[in-house]
Amino acid sequence: MRARLTALTGTLLLLTGCGAADMTKQASPFADARGARTVTLSVQSWVGAQANVAVAQYLLESELGYRVDTVQVDEVPAWDALSQGRVDAILEDWGHPDQEKRYVHDKKTIARGGGLGVTGHIGWYVPAYFAKQHPDVTDWKNLDRYADEMRTPESGGKGQLLDGSPSYVTNDKALVKNLDLDYQVVFAGSEAAQITQITRFAKEKKPFLTYWYAPQWLFEKVPMTEVRLPAYEEGCDADPAKVACAYPHTPLQKYLNADFARNGGDAAAFLKKFRWTTEDQNEVSLMIADQKLTPREAAEKWADRHASTWKAWLP
Amino acid sequence: MATVTAASLRIAPPGVLRRPAARKLLLLAALAAVLVPLAHARWASGSWPSALTVDLTGPLTRAGDWIIDNRDSHPLFLYFLGHVSNAVVVSVRAVYLLLLAAGWAGVTAAATALAWCVAGIRLALGTAAALLACGALGMWVPTMQTLALMAVAVLVSVAVGTLLGLAAGLSDRLDRVLRPVLDTMQVLPAFAYLLPVVLVFGIGVPAAVLATVVYAAPPMARLTALGLRGADKEVLEAVDSLGATARQRLLTARLPLARKELLLGLNQTIMMALSMAVIASVIGAGGLGDRVYQALASVDVGAALAAGIPIVLLAVVLDRITAAAGDTTGRRPAPRAVYAVPAALAVTVAAAVAARLSGRLDWPASWTVAVATPVNDAVAWMTDHLYSGVPVVGGTADWAGHFTTWVLDPLRDGLQGLPWWAVLLLVAAVAWPIGTWRTALTAVLALAATGVLGVWEPSLDTLSQVLAAVAVTLVLGFAIGVAAARGDRFERLLRPVLDVFQTMPQFVYLIPVVALFGVGRAPAVAAAVVYALPAVVRITAQGLRQVDPAALEAARSLGATPAQQIRQVQLPLARPALLLAVNQGVVLVLAVVVIGGLVGGGALGYDAVFGLAQGDLATGLVAGAAIVCLGLTLDRVTQPTERRTTKGA
């Protein structure tokens, strides 16, 4: 048995070439399938990220002659994948200071790619139809008054605060506790489940309170109003257990694999210059998520209308 | 609760004591009478005592950091894991390039020819239709990526499984060592070990292939061992008397005699690898699974279905072909099999060359059918009309609400409200009468381990969801199974439906489930029921059909009504099969717990998803371990006397 195992390992070593294997150079087996230059982009699960990637992919393929592979990964594993070179770029990062310190500062395997041009904001939202009837609901101090109406079988007698994917940044449990609200955080577990539930509520014109973020295409379909939380100040969210303030406004960032940033040629230069507005992103997102266009069709339509914007990104 | 039972037993007439179950319970009550006051005095707390927990956060976080810091420099990675990873990438790439070079025409021709040789003209036509459908859905390239990944994963699984199976089949000592290992591998929910694999190999194909091998190798190992052990004694003696060496005996007698089991093992391995192909998309495996997962992000059921259908088609085709290969055992191979391979090769090359010459190597874009929009419209219509306000019966949202309030909440609060030792006693009291003291002890220790890991409360929450889902699955499964066993036409109609439910990736029906039942534990239960139902129906129907026809005939001649036949003859005689169905139901429901975390099921499922999404080894791995422990507990509690041989059934 042992002899066979040794023989097997030996054969394996011979097959793969003796010596050290570089774990930092691990491309996808599906890349470069037809001898084309390939860029691999990571896509996170929200549609805004899909929109960035769709447009970048379309332009890289049609204008610069690359083949683009996309990989769906959650945010933190995407950083890891980026440092290993399994993906070449993250186009929309919402702020991961721990990862940034580890990979950008210490290991230097990831390089900054500049801003995306879009500013992100997380908050608590109620549907506009409900806020119109009860304008005072938009202040957190009055939320308890509506807890009864927000109750669901899952919220255990309290009001339901609907949270989304486990991969997203959230302080909601601490917020509910520290602001002493009569609410229970219910995790939908995925953005898909959360969106499905929100559209359900909206069809029935039911009141609800949800964790949500902008820019997001769903606002076009289900208009929502933000609930004012105690104002954000620099550092008020430093201790995750003691947070009692709103979420910050985050200019979203791009990150590239360090090697790719240096030697990626036109593709790297293009991705560094890629910079558009919230309206642009929403336009593409809505085509993908609501009109059910494929990301490619949506990107093509956007590119037709906004040639002046993307011409500036070309190297 | 258990002490109450015991009290009533003590005054019971002595005749009851002669029954082994009663003796076991009495013994348990005596044990409890001694141990519970001790435990209560030492750790008086309703929930799991904090003195008995071990916090693994520190060590697990350090282990995770160590791997990330040393992955690019440590010899273990440079000289071993890195090569494993590269070998996987090189082989998957080789298969993928081969498939692309053959083009859609070549691949279709090759698969059709192969199916014809192995299984006849009907399956050949079915295979061709299935592959063309994959192309027509616009999924040709992802299908080839999945096929390439599958081919490598199945090959490695078969190699690993056969080696383990040979070891277990030939040596009694190794069999004893391997059996609990294989048992555990079979109850492991795949999500539970994605995280460590990803940490070591990073996201992508190598991690996906290795996770698939862990998942898919056990059935091969188990069936190989079974086949070797089940070989006809007389034949073996005859071979021995001819003076064969051990190697000759293995190669000329034991392995050929086990051919049927080996092929069944291959079949099971392929099925499980394919079901893993989708789960592996969460860690960036690409292919069809990735398309399903990406469609989920934009809440697009139609697009998810377009990628899900090729998976179902691949599964059905591969299942039928390998099953047909297994059925021909014992018969002489058909004459066409002799020139099968060269013929298939010739056809493939001809088709590939023809496609290349005509410039049609890629699937032509104009030949695709858009299914997404009509499917989405249909789903929207359905959810709009069923969600609420249906006259008399109420809408699905109301059902979900009632189910949560009346079934899930009391069950969860009841379990969490019991003192910890009472829950353990309850498990022992259920497990011991069904199995041996060993299975009962394993069940109790496994459940206790969730407490030690510090996730007692969420584990009981998950347990309550599993119990509710299993109850629903069994009620529906037995009813449909009985109907299928009694009506041939119904069973024929049911078979493709079961195939689809069993192989359709769960991600596809997550959105409809949420749209119907809202976010929470109710949709998690619904998803689990959909996933586990086919296996329960199949095993029930099969068990009922295998009931001795003579017994049934006798009952009929005595004038028993159909209901009486079922209740008094078929069900008692099919008891082993029904127990197996219960066991399978439990294991399969638990496998979907993590999926439930994606629709608001919370508890352990959410923690496992959270760990994977945040790269948080401490949360994810502990939740995964607790799910495994729950699996062991439930498996042992429902352990039928005869060990099952396959997980997917």
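Scanning the range A:131-148 for residues that are open to solvent by 60 Å² or more (accessible area, probe 1.4 Å) and either in a loop (DSSP other than H, G, I, E, B) or within 14 Å of A:Leu181 (Cα to Cα) (or both) gives A:Lys141, A:Asp144, A:Arg145, A:Asp148.
Can you tell me which residues in the range B:297-311 are under 22 Å from the mean Cα position of the chain (by Cα) and open to solvent by 10 Å² or more (accessible area, probe 1.4 Å)? Explain how you work it out, then say what you get.
Of the range B:297-311, the ones under 22 Å from the mean Cα position of the chain (by Cα) are B:304-305, B:307-311.
Selection gives B:Leu305, B:Ile309.
In this structure, is B:Ala623 surrounded by fewer than 24 Cβ atoms within 10 Å (Cβ to Cβ) and either assigned to a helix (DSSP H, G or I) or of a type in the set (Val, Ile, Thr) (or both)? It is false that B:Ala623 is surrounded by fewer than 24 Cβ atoms within 10 Å (Cβ to Cβ) and either assigned to a helix (DSSP H, G or I) or of a type in the set (Val, Ile, Thr) (or both). Can you confirm whether the range B:270-289 contains a residue that is among the hydroxyl-bearing types (Ser, Thr, Tyr) and at pLDDT 75 or above? Among the residues of the range B:270-289, at least one is among the hydroxyl-bearing types (Ser, Thr, Tyr) and at pLDDT 75 or above, which makes the answer yes. The set of residues from the range A:109-157 being within 14 Å of another protein chain (Cβ to nearest Cβ) and without any contact (Cβ under 8 Å) to a residue 40 or more places away in the chain comprises A:Arg151, A:Thr152, A:Pro153, A:Glu154, A:Ser155, A:Gly156, A:Gly157.
Which of the following residues is modelled with pLDDT of 85 or more and more than 12 Å from every other protein chain (Cβ to nearest Cβ): B:Arg320, B:Arg331, B:Arg360? Step by step, each of B:Arg320, B:Arg331, B:Arg360 is checked, and only B:Arg320 is modelled with pLDDT of 85 or more and more than 12 Å from every other protein chain (Cβ to nearest Cβ).
Annotation note: Cβ proximity below 8 Å between a residue of the range B:518-547 that is within 14 Å of chain A (Cβ to nearest Cβ) and at positive phi and a residue that is open to solvent by 20 Å² or more (accessible area, probe 1.4 Å) and among the β-branched types (Val, Ile, Thr) (sequence gap 6+ or interchain) occurs for B:Gly518/A:Thr152; B:Gly520/A:Thr152. For the range A:104-128, filtering for residues that are farther than 30 Å from A:Arg86 by Cα, open to solvent by 10 Å² or more (accessible area, probe 1.4 Å) and touching a Pro at 6+ places or on another chain (Cβ under 8 Å) leaves 1.
Within the set B:Gly601, B:Gly585, B:Gly611, the sole residue that is within 22 Å of B:Ile539 (Cβ to Cβ), buried (at least 24 other Cβ atoms within 10 Å of the Cβ) and either more than 14 Å from every other protein chain (Cβ to nearest Cβ) or under 26 Å from the mean Cα position of the chain (by Cα) (or both) turns out to be B:Gly585. Among the residues making up the range A:88-108, those that are of a type outside the set (Phe, Trp, Tyr), within 13 Å of another protein chain (Cβ to nearest Cβ) and assigned to a helix (DSSP H, G or I) are A:Asp98, A:Gln99, A:Lys101, A:Arg102, A:Asp106. Scanning the range A:179-205 for residues that are among the charged types (D, E, K, R) and touching a residue at least 12 places away in the same chain (Cβ under 8 Å) gives A:Asp182, A:Glu191, A:Lys205.
Inspect the range A:34-43 for any residue being within 8 Å of another protein chain (Cβ to nearest Cβ) and at pLDDT below 80 and give the result as yes or no.
Pass one, the range A:34-43, residues within 8 Å of another protein chain (Cβ to nearest Cβ): A:34, A:43.
Right, trim to at pLDDT below 80 and you get A:34.
Yes, the range A:34-43 has at least one match.
Search the range B:505-522 for residues being open to solvent by less than 20 Å² (accessible area, probe 1.4 Å) and of a type in the set (A, V, I, L, M), and hand back the single one that is nearest to B:His385 (Cα to Cα). Applying the filter and picking the extreme gives B:Ala515. Being closer than 21 Å to B:Val482 by Cβ, touching a helix residue (DSSP H, G or I) at 6+ places or on another chain (Cβ under 7 Å), buried (at least 24 other Cβ atoms within 10 Å of the Cβ) and more than 10 Å from chain A (Cβ to nearest Cβ) is not true of B:Ala555. Number of residues in the range A:169-223 that are part of a loop (DSSP other than H, G, I, E, B), closer than 24 Å to A:Lys141 by Cβ and among the hydrophobic types (A, V, I, L, M, F, W, C): the value is 3.
When you scan the range A:228-315 for helices (runs of 4 or more DSSP H) that lie fully inside it, which ones turn up with 3 or more residues that are touching a residue at least 24 places away in the same chain (Cβ under 8 Å) and surrounded by 16 or more Cβ atoms within 10 Å (Cβ to Cβ)? Quick ask: steps written out before the conclusion?
Numbers: elements: A:258-263, A:265-273, A:278-289, A:295-305, A:307-311.
In the range A:228-315, A:258-263, A:265-273, A:278-289, A:295-305 are the helices (runs of 4 or more DSSP H) which contain 3 or more residues that are touching a residue at least 24 places away in the same chain (Cβ under 8 Å) and surrounded by 16 or more Cβ atoms within 10 Å (Cβ to Cβ).
When you scan the range A:74-87, do you find a residue that is part of a loop (DSSP other than H, G, I, E, B), within 14 Å of chain B (Cβ to nearest Cβ), touching a strand residue (DSSP E or B) at 6+ places or on another chain (Cβ under 6 Å) and closer than 28 Å to A:Leu175 by Cβ, even just one? No: zero hits. For the range B:497-513, a tally of residues being in contact (Cβ under 8 Å) with a residue 40 or more places away in the chain, assigned to a helix (DSSP H, G or I) and away from chain A (no Cβ under 14 Å) returns 5. Of all residues in the range A:47-67, those that are modelled with pLDDT under 90, surrounded by fewer than 24 Cβ atoms within 10 Å (Cβ to Cβ) and within 13 Å of another protein chain (Cβ to nearest Cβ) total 1. Remark: pairs (first residue in the range B:120-131, within 21 Å of B:Ile311 (Cβ to Cβ); second residue surrounded by fewer than 18 Cβ atoms within 10 Å (Cβ to Cβ); Cβ separation under 8 Å; 6+ apart in sequence or on different chains) = B:Leu123/B:Ala324.
Taken together, the residues in the range B:374-412 that are farther than 19 Å from B:Val519 by Cβ, modelled with pLDDT under 80 and either in contact with a strand residue (DSSP E or B) (Cβ under 6 Å, 6 or more places away or on another chain) or within 8 Å of chain A (Cβ to nearest Cβ) (or both) amount to 0. Filtering B:Thr462, B:Thr450, B:Thr442, B:Thr473 for residues that are touching a Lys or Arg at 6+ places or on another chain (Cβ under 7 Å), modelled with pLDDT of 85 or more and surrounded by 18 or more Cβ atoms within 10 Å (Cβ to Cβ) leaves a single hit, B:Thr442. For B:Ala124, the criteria (1) within 26 Å of the chain's Cα centre (by Cα); (2) open to solvent by less than 20 Å² (accessible area, probe 1.4 Å) hold in every case but one, which is (1).
The values are calculated or read from the model by the stated rules, or taken from the named source; none is laboratory data. Everything numeric in this text was worked out from a predicted model, so none of it was measured. For neighbour counting, all protein chains shown are included, and Cβ atoms are generated from backbone atoms with ideal geometry for every residue, glycine included. Heads up: the accessible areas ignore ligands, DNA and RNA and are worked out on the full protein's heavy atoms, side chains in. Shrake-Rupley method; radii C 1.70, N 1.55, O 1.52, S 1.80 Å.
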